[in-house]
Amino acid sequence: MSTKSFSLAELAEFLGCEYRGDATHRVTAIAPLSDASDSQITFVAQDKYLAQLAGISPGIVVLREKHAAAYSGNRILAADPYLAYARLSALFNPRSPLSKEIHPTAIVDSSAVLADGVAVGPNCVIGANVRVGQGTEIHAGTVIGEATIVGDNCRLYPRVTLYDRVTIGDRVTVHSGAVIGADGFGFAPSRTDGWVKIEQLASVRIGNNVEIGANTTIDRGALHDTVVEDGAIIDNLVHLAHGVSIGEGTAIAACVGIAGSTTVGKNCLLGGAVGISGHLHIADNTQFHGGTVVTRHVSEPGSYASAAPMQEVRAWRRNSVRYTQLDEMAYRLRKLEKEQ
Amino acid sequence: MSTKSFSLAELAEFLGCEYRGDATHRVTAIAPLSDASDSQITFVAQDKYLAQLAGISPGIVVLREKHAAAYSGNRILAADPYLAYARLSALFNPRSPLSKEIHPTAIVDSSAVLADGVAVGPNCVIGANVRVGQGTEIHAGTVIGEATIVGDNCRLYPRVTLYDRVTIGDRVTVHSGAVIGADGFGFAPSRTDGWVKIEQLASVRIGNNVEIGANTTIDRGALHDTVVEDGAIIDNLVHLAHGVSIGEGTAIAACVGIAGSTTVGKNCLLGGAVGISGHLHIADNTQFHGGTVVTRHVSEPGSYASAAPMQEVRAWRRNSVRYTQLDEMAYRLRKLEKEQ
Amino acid sequence: MSTKSFSLAELAEFLGCEYRGDATHRVTAIAPLSDASDSQITFVAQDKYLAQLAGISPGIVVLREKHAAAYSGNRILAADPYLAYARLSALFNPRSPLSKEIHPTAIVDSSAVLADGVAVGPNCVIGANVRVGQGTEIHAGTVIGEATIVGDNCRLYPRVTLYDRVTIGDRVTVHSGAVIGADGFGFAPSRTDGWVKIEQLASVRIGNNVEIGANTTIDRGALHDTVVEDGAIIDNLVHLAHGVSIGEGTAIAACVGIAGSTTVGKNCLLGGAVGISGHLHIADNTQFHGGTVVTRHVSEPGSYASAAPMQEVRAWRRNSVRYTQLDEMAYRLRKLEKEQ
């Protein structure tokens, strides 16, 4: 896909690593270990995959330093080959940057301030008093509401919506269809008028180096801003409700939903489809397995799960009935113990 | 954020409540109880928060009538301070209304009928035979299909899609990215041609005073319309399948999915990520905790839940294994009881 | 809704079925069994509904061949009335085709190649080197990235995003808001720089005859393409992560999430809100009930479930506590058995 090519020496220098082999050998792409050919670079991140090198002839392999002698081909010795692969991926990315212009079909309010080198794609709509920092790309069909601020070197993919008064830091990527700053789900019940809407008067603040996935929604706060701190990464179809706070470096997998005013600490890992109730505090470094339903505070960092085990349907039916009798079973067990 | 200001007397009159203190004292914003300053109004909705008034000096506090004597500052006495807060939030909302014009870039079919005072933002597309009622705002990039009807004083935020022949009542808010009227997921299996699509010939009807969250999807019906009754409120990333019916005043939190032809009654409360199977009837006033999986009819209103308890991962693993042995354990317990 | 009309003889011929009754009787719509009037056609797909024919007077009924004598009105005898209904639904579909033109507001790169009879709606954006096959409809506001290929007779509803280098087969329907080809969620942890993004260098390949629901997201792969094989059908708000592979004819209901590099076989049925962990293999013909959390390979086709049973909240609380004590209960039970 890419027509760029790099030599072994160039790549080792880029990574700040030592190498062995033919310094001039060139590769044009990264490939998975199973497929890598002579014109490609691959990597061995885990010891268990080392044996697979026997069957292939990759152009270059990134290996752990301790495996330097285990392979005789062109190789780069890295402390962390997986991290090296991540850094290399940027070199081989074929993505074209958006043309650094305001597309003639973009509708930019005259009071908006766009820094130098901002790219605005077709059919974007940028409201009054918006500010956009240098080097930011705003792709086709993205809509930015009044007084919203977007930092430097961000990338808003096609069809993103930022509502009014949202703040986005530097180097933030927002994927297509994400909606940031829609109203939090706040209503007061009334006898006479049904649900009375609580206008969501606060907003959303996103830090630096954040990634936000496709069709994810991050609602604005009622009286406190919804906050995503620096370096947090958020996958697709995630819902962050009003007033939620996500700590630095926390990773949130797809389909997670976090209810209002919950605070998730730093460096947490949330598996897919985790659901967290409102008004909870989750400690730094907490990990939730996929599908965990969290209904209480977590003050001890650790690894937590709740999903019931998958079973063949007939067994599942029988055991499910017993689940609803568990408390009774416990009493019967206690009774037997006493009667002994 | 807002530059509007209101006096104690004005706010008490707006709420239809009595007040105590300096009638002329002015505030410019609502603040949470913990932060409220002299130029802000706050509220105490629950008794347990009353003590917090000791440490702050808010401009005005909305209190329950029975707490009138518990605080000596400027105060408004309300039967329901949380509801009063909801009503006040509309006063302090800084949102600008959309300019009451058809933006020159909007593409409005010549057969569409837009009432007076309709605002249509940039790049909207409005199809043939669409009708839109007075005072409705249609924000940038929203697409409305043929013969769809939108009532009065609705607000469709940016990038909403309404497919053909959808009906939306009055005072309905639809947040960005919501899709109403896409095809229900109907296919007939065939040996020769795989899944044969069932065209979804009916549509979607949304009542009055409904709110629909960002990136929520409400599919059109196959032969019966999908229906959302008056006053229902629906959060983000919710899925309502074809032929679903949601009763008046029912509240649906984020990430809920309801399968085809299920009827949810009036004034139900569905927590986040609830999943309901198809062809079920759920009684009025039913409540489901977050994460509940509903696979049977609910004829008795009440509060229901299904999510398994969160546990530290090692305990969860051990107990999960036992879960798959529950039926066997029950038999062994019964055997012990008999043998006694 | 439709003004088309068809006679009994015409419909029987269209279906390739025998009929009984007045060959000239005409109907203008399909109706559910409970509502069908003299100008409508309905069907009885299951024996249990046959008795309902007693109370109504439909214009035509599609019945199983074995029920030919059970009803004396106009009737079509079909091996599979539900499949016949699916085929009839296409006849009665009132949807207008998109006008076969490139709308003047569409922005089509000069290097894009659009075949004859392609329809491109208002405000679409089609990037460099895109190819679109004959008869494909691209509705308003859809954005297609560079070098993406869309086959023949596809329909992309309003506001779809296809990123760069995605491949879509023939007769594929993509509903509004779907995002195909956004970056997979790949990051390498680093001590010094937090999460280092892994550029997603591969892409997405969608086969023929695939349907993709509203606001569904299908991410591009890191080094291997994400793949959806021919005839798979996918509902709304589904998430397919990078490198996922979905086999031929597999049906995926709404709100499902599948983590990275998982392979789902052919002709599987995934109920709503199923979640599947990454790097798993799921055998052909596997079925998962709604809400199943799948954390292990499935090598035996069968029907699987994991959701815990719904209970009234007080019982659920008691039984949930016991769930966390299950392993201990099992030991106590064992002890009692030994002591006998």
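Coordinate-derived values only; no laboratory data. If you're wondering where the values come from, they're calculated on a predicted model, not measured in any experiment. All Cβ positions, glycine included, derive from the backbone under ideal geometry; neighbour counts span all protein chains shown.
For the stretch A:203-218, backbone phi angles converted through the Karplus equation (6.51, -1.76, 1.60; θ = phi - 60°) give residue-by-residue couplings of 9, 10, 10, 10, x, 8, 6, 9, 10, 10, x, 4, 6, 6, 10, 10 Hz, Gly and Pro being listed as x.
With label points defined 7 Å past Cα in the direction of Cβ, position A:GLU13 shows copy-to-copy spacings of 7.8, 7.8 nm, given to one decimal and shortest first. Taking the charge dipole of the stretch A:195-340 about its Cα centre, with +1 at Lys and Arg Cβ atoms and -1 at Asp and Glu Cβ atoms, the residue from A:ALA330, A:SER306, A:LEU223 reaching farthest to the positive side is A:ALA330.
Here chain B is treated with +1 on each Lys and Arg Cβ and -1 on each Asp and Glu Cβ, and its dipole about the Cα centre works out to around 1080 debye. For the stretch C:8-52, the alpha-carbon coordinates run over 27, 19, 16 Å along the three principal axes, in decreasing order. Each copy carries a label point for C:ALA90 at 7 Å from Cα along the beta-carbon vector; from one copy to the others these points are 5.1, 5.1 nm apart, nearest first. Normalising the average separation of contacting C-alpha pairs (under 8 angstrom, six or more residues apart) by the number of residues puts the relative contact order of the stretch A:246-297 at 34 percent.
Working note: Karplus 6.51/-1.76/1.60 with θ = phi - 60° gives the stretch B:24-37 the couplings 8, 5, 10, 10, 10, 7, 9, 9, x, 4, 6, 10, 5, 9 Hz, where Gly and Pro are set to x. Once C-alpha pairs closer than 8 Å and six or more residues apart are averaged by separation and normalised to the residue number of the stretch C:6-91, the relative contact order reads 29 percent.
At q = 0.17, 0.25, 0.26 Å⁻¹ the log10 of I(q)/I(0) for the stretch C:77-160 amounts to -0.66, -1.15, -1.24, computed by Debye summation with a single uniform scatterer per C-alpha, solvent ignored.
Magnitude of the charge dipole for the protein assembly as shown, about its Cα centre and with charges confined to Cβ atoms of Lys, Arg (+1) and Asp, Glu (-1), is about 2540 debye.
Each part gets one Cα centre, and for the stretch A:298-340 versus the stretch A:175-213 those centres are 38 Å apart.
The phi torsions of the stretch A:105-111, fed into the Karplus equation with coefficients 6.51, -1.76 and 1.60 and a -60° offset, translate into couplings of 8, 6, 10, 10, 4, 5, 8 Hz, rounded to whole numbers, with Gly and Pro shown as x. I'd like the distance between the alpha-carbon centres of the stretch B:123-163 and the stretch A:1-76, rounded to an integer number of Å. Going from one Cα centre to the other spans 55 Å. Is the stretch A:109-152 best put as rounded, prolate or oblate by its Cα gyration tensor, with a ≥ b ≥ c the root eigenvalues, rounded for a/c under 1.5, and otherwise prolate when a/b is larger than b/c, oblate when not? The shape class here is oblate. The loop-placed GluC sites (Glu not before Pro) in the stretch C:86-182, going by DSSP, that have at most 15 neighbouring Cβ atoms within 10 Å of their Cβ come out as C:GLU101. Its DSSP H runs of at least 4 residues, each contributing -39,500 (n - 2.57), put the calculated 222 nm mean residue ellipticity of the protein assembly as shown at -4000 deg cm²/dmol, to the nearest 500. Residues C:SER306, C:SER37, C:SER176, arranged from fewest to most other Cβ atoms within 10 angstrom of their Cβ, appear as C:SER37, C:SER306, C:SER176.
Of the residues A:ALA68, A:VAL321, A:GLY290, the one whose Cα sits farthest towards the positive end of the charge dipole of chain A is A:VAL321 (charges of +1 on Lys and Arg Cβ, -1 on Asp and Glu Cβ, taken about the Cα centre). The H on the amide N of B:ALA29, modeled in the peptide plane, is under 5 Å from the matching H of B:ILE41, each at least 5 residues off or on a different chain.
Under a model in which nothing but the beta-carbon of Lys, Arg (+1) and Asp, Glu (-1) is charged, the stretch B:227-340 shows a dipole of about 760 debye around its Cα centre.
Each 10 Å bin from zero up to the one holding the largest Cα-Cα distance in chain A carries the following percent of pairs: 5, 19, 20, 23, 18, 9, 4, 1, 0.
Straight-line reach from C:LYS338: taking Cα to Cα under 21 Å and skipping same-chain neighbours fewer than 8 places apart, the lysines in range are A:LYS335, A:LYS338, B:LYS335, B:LYS338.
Projecting the Cα atoms of C:LEU11, C:ALA84, C:HIS25 onto the dipole axis of the stretch C:6-91, where Lys and Arg carry +1 and Asp and Glu carry -1 at the beta carbon, places C:ALA84 farthest toward the positive end. What is the stretch C:107-304 by shape, rounded, prolate or oblate, if you read a ≥ b ≥ c off the alpha carbon gyration tensor as root eigenvalues and call it rounded for a/c under 1.5, prolate for a/b larger than b/c, and oblate otherwise? Oblate is the answer for the stretch C:107-304, as a/c is 1.5 or above yet b/c matches or exceeds a/b. Dividing the convex hull volume of the alpha carbon atoms of the protein assembly as shown by its residue count gives 197 Å³ per residue. Bridge orientation summary for the protein assembly as shown: considering DSSP beta bridges with both residues in this region, about 15 percent are antiparallel. Let me have the relative contact order for chain C, percent, based on Cα pairs under 8 Å that are six or more residues apart. Over chain C, the number comes to 6 percent.
Taking a ≥ b ≥ c as the square roots of the eigenvalues of the Cα gyration tensor, an a/c ratio of 1.5 or more together with a/b larger than b/c marks the stretch C:58-106 as prolate.
Estimated translational diffusion coefficient (Stokes-Einstein, Kirkwood radius over Cα pairs, 4 °C, 1.567 mPa s) of the stretch B:6-91: 106 µm² per second.
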